[in-house]
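Let me begin by presenting the structure, written as structure tokens, before commenting on it.
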Amino acid sequence: MSVAGFKKQFYKASQLVSEKVGGAEGTKLDEDFKDLERRADVTSKAVVEVITKTSEYLQPNPATRAKLSMLNTVSKIRGQVNSPGYPQPEGLLGECMTKYGCDMGKETNFGGALIDIGDSMKRMAEIKDSLDIDVKQNFIDPLQGVAEKDIKDIQHHLKKLEGRRLDYDYKKKRQGKIPDEEIRQALEKFHESKEMAEGSMHNLLETDVEQVSQLSSFVESMLQYHRQAAQILEELSDKLSQRVTEAHSRPRQKYTPKPRPAFDYGELENSNGGYSPAAASPPAYSPAPAQYPAPSFQRASIKNRPRESDR
């Protein structure tokens, strides 16, 4: 930073401190400028807020919006033109119904009805994708252009105007210490920034015709979506009404239990692992009869043993 630039920053900071802390009054802007600034500020806030709320309208789930924003950023980094769209809840519901309808079988009344609704919900998801594309191209993108260009220009000029005002007020209060030519140049730059800020705010407010046209495109996109959605739902309603009528006209089948198989008391050899009374409970245990006499382990007494002389 040059010496002149450093001095200017010092002047601005000193004047700002004297106004905030010391209560010094700076140069007042005229009421027309203040009114223009107020209307431009409201318009700027409206543009930014409407962009946010429109995105929430198209996809209410904040987690999905965050994920899609990340994917769009990655797509831009990779240079991919087409970015993934919002996963439509109608499509997810349609996939679920179609899956279980096919599992049940389309020949069944419930399964066929699920498939009918699933197909219709997938069509709803397709026209919802078209709505997202139309709203983004014809409404969000133009407003985003206003936010990124016109509103940023206004903010830039207002910030520059405030800095030049502080510089002029600082030098004006030190008249005699600062050359008059330097004060005159500061005043000219202040008026120059004021005119540029007024021009940028005026241009924003004069584009209301374009903004109303963009709002009209937004409403037209929604109207077209709801017309197509109503047509799909009317066709689906007719199909389901026909299914209900056919179901009522079809005789109700009475449940008849199958005959129970007779109990087979045949031989165990001829049975095929069926129930056997003998197998109901195991026989009681009884010890087998002894076939041989039990061995005697009785030892002869010493007194009864024959002596050697008797042998």
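Across 10 Å bins from the origin, how do the percents of Cα pairs in the stretch 97-245 run, short distances first?
Going from the shortest bin to the longest, the percentages are 10, 20, 16, 13, 12, 10, 8, 6, 4, 1.
Which residue, Gln214, Val135, Pro179, has the largest displacement toward the positive end of the dipole of the stretch 125-222 when charges sit on each Cβ (Lys, Arg +1; Asp, Glu -1)?
Of the options given, the answer is Pro179.
Of all GluC sites (Glu not before Pro) in the stretch 201-248, which ones are in loop regions per DSSP and have a Cβ with at most 16 other Cβ atoms within 10 Å?
Glu206
Phe190 accessible area, nearest 10 Å², 1.4 Å probe?
10
Any of Lys53/Lys159; Lys12/Lys189; Lys149/Lys171; Lys34/Lys160; Lys28/Lys149; Lys136/Lys160 with alpha carbons more than 23 Å apart? Name them for me. It would help to have the intermediate numbers written out before the result.
Numbers: Lys53/Lys159 28 Å; Lys12/Lys189 14 Å; Lys149/Lys171 33 Å; Lys34/Lys160 16 Å; Lys28/Lys149 28 Å; Lys136/Lys160 33 Å.
Lys53/Lys159; Lys149/Lys171; Lys28/Lys149; Lys136/Lys160, as the Cα separations exceed 23 Å there.
Rounded to the nearest 20 debye, what is the charge dipole size of the stretch 129-205 about its Cα centre when +1 sits on each Lys and Arg Cβ and -1 on each Asp and Glu Cβ? It would help to have the intermediate numbers written out before the result.
Values: 15 positive and 17 negative charges, 165 e Å.
For this selection, approximately 800 debye.
At 1.4 Å probe size, what's the solvent-accessible area of His156? Round to the nearest 10 Å².
In the full protein context, His156 sits at about 100 Å².
The values are calculated or read from the model by the stated rules, or taken from the named source; none is laboratory data. This one's a predicted model, so the numbers in the text were calculated from it and none came from an experiment. No Cβ is skipped: glycine too gets one built from the backbone with ideal geometry, and neighbour counts run over all protein chains shown. Accessible surface areas use protein heavy atoms only, side chains included; no ligands, DNA or RNA. Shrake-Rupley method; radii C 1.70, N 1.55, O 1.52, S 1.80 Å.
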